[in-house]
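Novice: I have a structure here, written as structure tokens, and I will follow up with some questions on it.
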Amino acid sequence: MTTPAPHARADLVLREPWVGDLSWVVHCQSLLYAREYGWNNEFEALVSEIIARFIREFDPARERCWIAEQGGAVVGSVFVVRQDDATAKLRMLYVEASARGQGLGGRLIDECLGFARQVGYRQMLLWTNSVLVDARRLYERAGFTLREEEPHHSFGHALVGQVWGRAL
């Protein structure tokens with residue numbers, strides 16, 4: 001685990017999701033990516049599908065979601081899901097604009113890595129897009145390296161999808 005950023009707020013809490021939180025994840029991520037990147041509702045469909053699968057197939061021994069709360073408001077989230085017995089996937093890292101710059105993204109990634117190690121995964125993968133520069137910097141700081149890139153047209157834009165990974 002990393003030490004908290006010097007400007008991190010003491011009232012930050014990471015917790016399990018409550019009823020309604022996962023709908024919040026869909027809503028907020030969809031709005032953020034529409035606002036910041038101009039992505040269309042194809043992205044909302046993807047996030048909805050990931051959340052629905054997480055709810056339907058949740059394995060508490062191998063999967064986890066953290067909801068970040070600050071001052072009583074939800075400001076972020078992240079998921080670890082099983083890809084196979086040896087591989088965990090980090091999914092849908094999200095930090096509200098108002099909570100950025102406080103080390104929350106790094107802390108959420110650290111929680112994922114620690115959990116994945118604890119339950120016996122040997123590697124962690126994630127999928128992102130090259131335009132998500134700040135997120136990619138967080139992944140690099142956490143020891144992830146770029147494994148694959150592939151151009152695709154999704155969410156109303158020409159994008160470059162990337163798979164990042166690291167050993168645990």
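Novice: Enumerate by residue number the trypsin sites (Lys or Arg not before Pro) in segment 87-168 meeting two conditions: DSSP loop (anything except H, G, I, E, B), and at most 13 other Cβ atoms within 10 Å of the site's Cβ.
Specialist: 100, 122
Novice: Apply the a/c threshold of 1.5 to the C-alpha gyration tensor of segment 119-168 and tell me whether it is rounded, prolate or oblate.
Specialist: Cα axes put segment 119-168 in the prolate bin.
Novice: Suppose we keep just the DSSP beta bridges with both residues in segment 58-168; what percent of those would be antiparallel, to 5?
Specialist: 90
Novice: Please compute the Cα-Cα pair-distance distribution of the chain with 5 Å bins starting at 0, giving whole percents from short to long.
Specialist: With 5 Å bins starting at 0, P(r) equals 1, 8, 18, 22, 23, 18, 8, 2, 0.
Novice: May I ask you to give the solvent-accessible area per residue for the chain, in square angstrom, as obtained with a 1.4 angstrom probe?
Specialist: Accessible area per residue: 53 Å².
Novice: Along the charge dipole of the chain, pointing to its positive end and built from +1/-1 on Cβ of Lys, Arg, Asp and Glu, which listed residue (60, 152, 109) has its Cα farthest out?
Specialist: Comparing the listed Cα positions along the dipole, 109 ranks first.
Novice: Let me know the charge dipole size of the chain about its Cα centre in debye, to the nearest 20, where only the beta-carbon of Lys, Arg (+1) and Asp, Glu (-1) is charged.
Specialist: In debye, rounded to 20, the chain gives about 420.
Novice: While we're on this one: Checking the a/c ratio against 1.5 first, then a/b against b/c, what shape does the Cα gyration tensor give for segment 72-168?
Specialist: Here segment 72-168 falls in the oblate category.
Novice: At 222 nm, what value in deg cm²/dmol follows for the chain if DSSP H runs of at least 4 each add -39500 (n - 2.57) and the sum is divided by all its residues, to the nearest 500?
Specialist: So the helix-based figure for the chain works out to -11000 deg cm²/dmol.
Novice: Would you work out which of 38, 143, 133 lies farthest towards the positive end of the dipole of segment 10-168, given +1 charges on the beta-carbon of Lys and Arg and -1 on that of Asp and Glu, about the Cα centre?
Specialist: 143
Novice: Run the accessible area of the chain with a 1.4 Å probe and give the carbon-and-sulfur part as a rounded percent.
Specialist: Within the chain, the accessible surface is 51 percent carbon and sulfur.
Novice: In the full protein assembly as shown, how much of residue 152 is accessible to a 1.4 Å probe, in Å² to the nearest 10?
Specialist: Accessible area of residue 152: about 50 Å².
Novice: Measure out, as a whole number of angstrom, how far apart the alpha-carbon centroids of segment 14-41 and segment 95-135 sit.
Specialist: A separation of 16 Å, based on Cα centres.
Novice: Turning to a different aspect of this structure: Over segment 67-168, what is the relative contact order in percent, taking alpha-carbon pairs closer than 8 angstrom and at least six residues apart?
Specialist: Result for segment 67-168 is 23 percent.
Novice: State whether segment 32-122 is rounded, prolate or oblate according to the following rule on the C-alpha gyration tensor (a ≥ b ≥ c being the square roots of its eigenvalues): a/c under 1.5 gives rounded; otherwise a/b larger than b/c gives prolate, and the remaining case gives oblate.
Specialist: oblate
The values are calculated or read from the model by the stated rules, or taken from the named source; none is laboratory data. None of these values were measured; they are calculated from a predicted model. Glycine gets a Cβ as well: all are built from the backbone with ideal geometry, and neighbour counts include every protein chain shown. Side chains included, ligands, DNA and RNA excluded: accessible areas come from the protein's heavy atoms. Shrake-Rupley method; radii C 1.70, N 1.55, O 1.52, S 1.80 Å.
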